[in-house]
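**Q** A single structure is presented below for examination.
The values are calculated or read from the model by the stated rules, or taken from the named source; none is laboratory data. All figures in this text were calculated on a predicted structure; none of them were measured in a lab. When we count neighbours, we look across all protein chains shown, and the Cβ atoms used for this are built from the backbone with ideal geometry, even at glycine. The accessibility values were calculated without ligands, DNA or RNA, using every heavy atom of the protein model including side chains. Shrake-Rupley method; radii C 1.70, N 1.55, O 1.52, S 1.80 Å.
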Amino acid sequence: MIEEQVILVNEQDEPIGLMNKMEAHEKAVLHRAFSVFILNDKNEVMLQQRAHHKYHSPLLWTNTCCSHQRAGETNIEAGKRRLFEEMGFQAELKELFHFIYKAPFDNGLTEHELDHVMIGHYNEAPIINPDEVESWKWMTIEAIKEDMVVNPDSYTVWFKIIFDEFYHYLEDHKL
């Protein structure tokens, strides 16, 4: 199996090369990524619980899906591809904003990403891919915020960072 590559970028999101995903996370090199938030008509966010056999952050809760763009793929195309691969449905996505973050893991890997945050709407149950996702649930934005304070170890490191950015974006913008 060929290892997936990530797109290395500078702080202006200009591509500067490709690198194997694992190597980029070992070396903490800045690369392009995306995070998708799916909301329903009740303004609840669909969360996924990462599969128990994932090499990092197993069984932790996170946003609907996130991953890395492939060479030649737009942010929206990548978000739609991964949403279908992980959650088994399609939705129209809209990019809200992007930002840079760096988050080390306990296993020595580091996420150093220029993350494109996207939103979409869907009201049905997903058809989760058990290779990627253990479970899923709907939660209100306020309930997520409150639960992160009470149960911070139940959430992925990156989701806590991205959710904070998403929450502040929602405070300043009407969706």
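**Q** Any residue at all in segment 22-29 that's open to solvent by 50 Å² or more (accessible area, probe 1.4 Å), touching a residue at least 60 places away in the same chain (Cβ under 8 Å), in contact with a Gly (Cβ under 9 Å, 6 or more places away or on another chain) and over 29 Å from PHE89 (Cβ atoms)?
**A** Yes, segment 22-29 contains a residue that is open to solvent by 50 Å² or more (accessible area, probe 1.4 Å), touching a residue at least 60 places away in the same chain (Cβ under 8 Å), in contact with a Gly (Cβ under 9 Å, 6 or more places away or on another chain) and over 29 Å from PHE89 (Cβ atoms).
**Q** Right, another one. Any chance you could count how many residues in segment 9-21 are in contact (Cβ under 8 Å) with a residue 24 or more places away in the chain and either closer than 21 Å to ILE162 by Cβ or aromatic (Phe, Trp, Tyr) (or both)?
**A** Looking only at that region, the number is 4.
**Q** Are any of the residues in segment 11-19 crowded, with 20+ Cβ neighbours inside 10 Å and either of a type outside the set (Val, Ile, Thr) or assigned to a loop (DSSP other than H, G, I, E, B) (or both)?
**A** For segment 11-19, residues crowded, with 20+ Cβ neighbours inside 10 Å and either of a type outside the set (Val, Ile, Thr) or assigned to a loop (DSSP other than H, G, I, E, B) (or both): absent.
**Q** If you don't mind, another one. State yes or no: is ASN43 closer than 26 Å to LEU170 by Cα and either open to solvent by 50 Å² or more (accessible area, probe 1.4 Å) or of a type in the set (A, V, I, L, M) (or both)?
**A** Yes.
**Q** Oh, and also: Would you be able to tell me the number of residues in segment 149-175 that are over 21 Å from PHE34 (Cβ atoms) and modelled with pLDDT of 95 or more?
**A** Number of matching residues: 6.
**Q** Condition first: among the polar types (S, T, N, Q) and under 21 Å from GLU4 (Cβ atoms). Can you find one or more residues in segment 139-150 that meet it?
**A** Taking every residue of segment 139-150 in turn, none turns out to be among the polar types (S, T, N, Q) and under 21 Å from GLU4 (Cβ atoms).
**Q** Being part of a helix (DSSP H, G or I) and of a type in the set (Asp, Glu) narrows it down to one of ASP131, ASP115, ASP106, ASP153, so name that one.
**A** Within the list ASP131, ASP115, ASP106, ASP153, the selection yields ASP153.
**Q** A further question follows. Just the residues that are open to solvent by 40 Å² or more (accessible area, probe 1.4 Å), in contact (Cβ under 8 Å) with a residue 12 or more places away in the chain and over 16 Å from the mean Cα position of the chain (by Cα), please, taken from segment 116-137.
**A** Those that are open to solvent by 40 Å² or more (accessible area, probe 1.4 Å), in contact (Cβ under 8 Å) with a residue 12 or more places away in the chain and over 16 Å from the mean Cα position of the chain (by Cα): TYR122, ASN123, GLU124, ILE127, PRO130, ASP131.
**Q** If we keep just the residues of segment 74-109 that are under 27 Å from LYS174 (Cα atoms) and touching a residue at least 60 places away in the same chain (Cβ under 8 Å), which is most open to solvent (accessible area, probe 1.4 Å)?
**A** HIS98
**Q** Same structure, new question: For ILE161, all conditions in the list (1) within 21 Å of LEU8 (Cβ to Cβ); (2) open to solvent by less than 40 Å² (accessible area, probe 1.4 Å); (3) among the aliphatic types (A, V, I, L, M) hold save one; what is the number of the exception?
**A** The number of the failed condition is (2).
**Q** Can you name the residue in segment 51-65 that is part of a strand (DSSP E or B) and either open to solvent by less than 30 Å² (accessible area, probe 1.4 Å) or out of contact with any strand residue (DSSP E or B) (no Cβ under 9 Å at 6 or more places or on another chain) (or both) and, of all such residues, is farthest from LYS137 (Cα to Cα)?
**A** Filtering first and then ranking leaves CYS65.
**Q** Let me ask another. From GLU124, GLU134, GLU77, which residue is over 18 Å from ALA28 (Cα atoms) and in contact with a Phe, Trp or Tyr (Cβ under 8 Å, 6 or more places away or on another chain)?
**A** The conditions single out GLU124.
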